[in-house]
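K.L.:
This is the structure I have questions about; it appears just below.
The values are calculated or read from the model by the stated rules, or taken from the named source; none is laboratory data. Everything numeric here is computed off the predicted structure, so don't read it as measured data. Note: ideal-geometry Cβ built from the backbone for every residue, glycine included; neighbour counts use all protein chains shown.
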Amino acid sequence: MISIDRTDSSSPAFRQLIPELDRELRGNYEFDQDIYNQYNIVDNIANVVVAFDGQKPVGCGCFKFFSPTIVELKRMFVLREFRGKGISKMVLAELEKWAAELGYSAAVLETGELQREAIGLYQKSGYISIPNYGPYVGLPHSHCFKKEFSSI
């Protein structure tokens, strides 16, 4: 049975999953990933969600301040062998719920063009494509999305 825990970026379970995510991204984007890595630093993130199958961490995500009303979702990941089981939906829903509880009204995120499953998840979850923002402007593999929490 999958459980979801709220934690922060010091979580050993979260720290265990991040290198797996980074390896997958490096495999997809090779040297272009060096550009993106600078935007994926997870030190001192207060809002992290980890999904567990029993005691095994199998998925994660987090959010950070983007503006007074908007969070930026980061580091969404599910281990390959656990994909297709709804875990990413659970992680995403928990992140959105937590952000809304803290008074945020929307979320933005960036994902890569080769993350087709992620793009599908976000679109099915009510995210709309937006122009690339901030550090992602002009980056060739980036796709940015936004969701207003009134649609949760």
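K.L.:
Looking at the stretch 125-136, is at least one residue surrounded by fewer than 17 Cβ atoms within 10 Å (Cβ to Cβ), touching a Gly at 6+ places or on another chain (Cβ under 9 Å) and farther than 22 Å from Pro57 by Cα?
P.N.:
Among the residues of the stretch 125-136, at least one is surrounded by fewer than 17 Cβ atoms within 10 Å (Cβ to Cβ), touching a Gly at 6+ places or on another chain (Cβ under 9 Å) and farther than 22 Å from Pro57 by Cα, which makes the answer yes.
K.L.:
Is there a residue in the stretch 107-116 that is under 16 Å from Gly61 (Cβ atoms), of a type in the set (Lys, Arg) and over 13 Å from the mean Cα position of the chain (by Cα)?
P.N.:
Residues of the stretch 107-116 under 16 Å from Gly61 (Cβ atoms): 107-112, 115.
Going one step further and asking which of them are of a type in the set (Lys, Arg), we end up with none.
No; the residues of the stretch 107-116 include none that is under 16 Å from Gly61 (Cβ atoms), of a type in the set (Lys, Arg) and over 13 Å from the mean Cα position of the chain (by Cα).
K.L.:
For the stretch 26-56, which residues satisfy the criterion of being modelled with pLDDT of 75 or more and surrounded by fewer than 20 Cβ atoms within 10 Å (Cβ to Cβ)?
P.N.:
Here is the first cut: in the stretch 26-56, the residues modelled with pLDDT of 75 or more are 43-56.
Residues satisfying the conditions are Asp43, Asn44, Ile45, Ala46, Phe52, Asp53, Gly54, Gln55, Lys56.
K.L.:
Answer yes or no as to whether Ala100 is closer than 23 Å to Thr7 by Cα and either touching a helix residue (DSSP H, G or I) at 6+ places or on another chain (Cβ under 6 Å) or without any contact (Cβ under 8 Å) to a residue 40 or more places away in the chain (or both). Show your work before the answer.
P.N.:
Working: closer than 23 Å to Thr7 by Cα: yes; either touching a helix residue (DSSP H, G or I) at 6+ places or on another chain (Cβ under 6 Å) or without any contact (Cβ under 8 Å) to a residue 40 or more places away in the chain (or both): yes.
Taking the combined requirement at face value, the residue satisfies it.
K.L.:
Kindly state which strands (runs of 3 or more DSSP E) lie completely within the stretch 84-152 and contain at least 1 residues that are within 17 Å of Thr69 (Cα to Cα) and either touching an Asp or Glu at 6+ places or on another chain (Cβ under 7 Å) or of a type in the set (Asp, Glu) (or both). Working first, answer last.
P.N.:
Working: elements: 106-112, 128-130, 142-148.
The qualifying strands (runs of 3 or more DSSP E) are 106-112, 142-148.
K.L.:
While we're here: For the stretch 114-152, how many residues are closer than 21 Å to Gly84 by Cβ and among the acidic types (Asp, Glu)?
P.N.:
1
K.L.:
Something else now. Examine the stretch 127-138 for a residue that is touching a residue at least 40 places away in the same chain (Cβ under 8 Å) and among the β-branched types (Val, Ile, Thr), and state whether such a residue exists. Steps first, please.
P.N.:
The first filter runs over the stretch 127-138 and keeps only residues touching a residue at least 40 places away in the same chain (Cβ under 8 Å), leaving 135-136.
Okay, now just the ones that are also among the β-branched types (Val, Ile, Thr), so none.
No, the conditions are met nowhere in the stretch 127-138.
Rundown of residues vs (1) at pLDDT below 95; (2) more than 24 Å from Pro12 (Cα to Cα), yes/no style:
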site: Gly61; (1), (2): no, no
site: Ile70; (1), (2): no, yes
site: Leu79; (1), (2): no, no
site: Phe82; (1), (2): no, no
site: Trp98; (1), (2): no, no
site: Gln115; (1), (2): yes, yes
site: Ile130; (1), (2): no, yes
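K.L.:
Sticking with this structure for a sec: On the basis of being under 20 Å from Glu20 (Cβ atoms), crowded, with 17+ Cβ neighbours inside 10 Å and among the acidic types (Asp, Glu), does Glu110 make the cut? Give the steps one after another, and end with the answer.
P.N.:
Details: under 20 Å from Glu20 (Cβ atoms): yes; crowded, with 17+ Cβ neighbours inside 10 Å: yes; among the acidic types (Asp, Glu): yes.
In short, yes.
K.L.:
So, one more: Being without any contact (Cβ under 8 Å) to a residue 40 or more places away in the chain, touching a Cys at 6+ places or on another chain (Cβ under 8 Å), of a type in the set (D, E, K, R) and surrounded by 13 or more Cβ atoms within 10 Å (Cβ to Cβ), is that true of even one residue in the stretch 67-79?
P.N.:
Within the stretch 67-79 (the criterion being without any contact (Cβ under 8 Å) to a residue 40 or more places away in the chain, touching a Cys at 6+ places or on another chain (Cβ under 8 Å), of a type in the set (D, E, K, R) and surrounded by 13 or more Cβ atoms within 10 Å (Cβ to Cβ)), the answer is yes, since at least one residue qualifies.
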